[in-house]
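The values are calculated or read from the model by the stated rules, or taken from the named source; none is laboratory data. Please read these numbers as outputs of a predicted model, since none were measured by experiment. Heads up, the Cβs are rebuilt from the backbone with ideal geometry, glycines too, and the neighbour counts pull from every protein chain shown.
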Amino acid sequence: TLEAMVRAAMCKPEGDITLAEAEAVSVLNLSYEWKRLLPDAAPIREIDGLDYFKNLESLDLSFHEITDVAPLAGLKKLSVLSLRANPVSDITPLAGLTNLTVLVLDHCAVNDFAPLAALTGIRHLYLAECPSSDYSPLDGIYPNLEGRDFEILPPPTTLAELGFTFNDRDKLALYETDEYDIRLNHGEWGDPPQPDWINCIRVITGAESGYKNSVGFYPVHNAYAVRMFDPNTRENYTYVYDVAENNFGCERADMEPIVREAFGDAGGEDVLLTPVVFFDNTIQEALGIAIDTLYSMPFDENIVLASPYENLGFEFLDYKGTYYYQENGMEIYIHKPEWDENVEEGHKLDWSMSFFDPNVKRYQTQIYYFADKNVYYISMEKDGAEVLFSYYPAEDEFEYDPQNIDPVRSVLNEALGTQGDGFMKVPMEIFEGNVRERFGMSIDELYALAVQ
């Protein structure tokens, strides 16, 4: 028992242990490591009473059956504490022991190391064989440790570090388990066997129902493609979830029963979102990182991924802090302030996107987009005459000076085949059409692409 072992350590087999005597003790070695070999030895299960030993600086309680360490919370002078091989799981009471320099918790049942995060004085910390291997709460004290039996590795920066292998024939990075495969392609690696695998992360899995399921995410389009193959009927079922539009592009009544059969019960969620949730959870549980982080990673440190704009054919102009695309006289520039590192002062741009088309029904058209104001400034010029107006997409409204517009309104409408203020919509329609035709996305989606 605790009392018997304390008396043995204090060399006081009989009589009351006074408070003064308890407070005079600075070291207690109550380890059961060798005592358990003696006949009639019994491990300590409860440590009530140790809270009276307020001046303890070193305490060894190794190899007992202690589950509750709350009585230790007030032992503020403890510098060395060993709880090795005890079934204690909750170490919250240790969070206030800020004088600790040595803490031994290996072979315990600890499942959360967060209570140790504030113990900045610890220099020796031992946690091996605990159920939890999540040492991230200890990031702040880890650099100070002189002795330890665990390692906090830097976060992975490549797919190879995450455990992916590269299939050069199919141009796919593969993460394979018994339950599912994660497959990733970037277009610059080369063409995979099927065109819809390009620039995509896919999770492939079987199901108890017998279906073979594939859920792919296309970061460029912010969309999920769900494919379910029934080997019994040899039927393929497919739909696409557009995240921005919250649109599934299928007949819900027809697709929901198939999704239920292929993926199981949705648990009260939208049935058609079940594959999306499955995809997101699989990536998080398998790799522990966000999807956009995964997609931005090179396969290894020797392969740096091109930016999404470069993948679309843009060229980065370092001296202007812009990505530039040109085709048949049409030009698109994309600018963000964080790209201005090498741009000289006085030459930094204040707009976010520009579009130039030399011939919109014989009108030279220039559009500037200002993201901070969410406004487009539009210019149409022909034979030296220029008209100017603004478009506010949030309100879907145009703003203009009647003195500039009214004299040429009929001429513009006749040239563009519109009526009233309809001619003002044409430049934005041309801009949007060019972006969708070439890049398969909207203007907003193009501007929102992330560059690592």
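Structure data summary
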read-out: Which listed residue, of Ile152, Ile201, is assigned to a loop (DSSP other than H, G, I, E, B), among the aliphatic types (A, V, I, L, M) and within 30 Å of Val277 (Cα to Cα); value: Ile152
read-out: Residue list for the range 145-193, restricted to those being of a type in the set (Lys, Arg) and within 30 Å of Tyr126 (Cβ to Cβ); value: Arg148
read-out: Exclusive hit being at pLDDT 95 or above, of a type in the set (Val, Ile, Thr) and either in contact with a Cys (Cβ under 9 Å, 6 or more places away or on another chain) or in a loop (DSSP other than H, G, I, E, B) (or both), set Ile47, Ile17; value: Ile47
read-out: Selection from the range 433-442 of residues that are crowded, with 16+ Cβ neighbours inside 10 Å and under 15 Å from Asp357 (Cα atoms); value: Asn434, Val435
read-out: Condition check for Asp106: in contact with a helix residue (DSSP H, G or I) (Cβ under 8 Å, 6 or more places away or on another chain), assigned to a loop (DSSP other than H, G, I, E, B) and among the charged types (D, E, K, R); value: no
read-out: Residue count, the range 153-179 (criterion: among the polar types (S, T, N, Q) and out of contact with any strand residue (DSSP E or B) (no Cβ under 8 Å at 6 or more places or on another chain)); value: 3
read-out: Residue satisfying condition, being more than 25 Å from Thr158 (Cα to Cα), touching a helix residue (DSSP H, G or I) at 6+ places or on another chain (Cβ under 6 Å) and not hydroxyl-bearing (Ser, Thr, Tyr), within set Asn213, Asn247; value: Asn213
read-out: Any pair with Cβ under 7 angstrom, 6 or more apart, that starts in the range 381-408 at a residue that is under 19 Å from Arg362 (Cβ atoms) and ends at one that is of a type in the set (A, V, I, L, M, F, W, C) and loosely packed, with under 13 Cβ neighbours inside 10 Å; value: Val408/Ala385
read-out: Subset tally (residues that are in a loop (DSSP other than H, G, I, E, B) and buried (at least 21 other Cβ atoms within 10 Å of the Cβ)) for the range 52-62; value: 3
read-out: Val69 being at pLDDT 90 or above, under 21 Å from Val102 (Cα atoms) and surrounded by fewer than 14 Cβ atoms within 10 Å (Cβ to Cβ); value: no
read-out: Filter pass, Thr322 being crowded, with 19+ Cβ neighbours inside 10 Å, touching a helix residue (DSSP H, G or I) at 6+ places or on another chain (Cβ under 9 Å), more than 16 Å from Leu446 (Cα to Cα) and among the polar types (S, T, N, Q); value: no
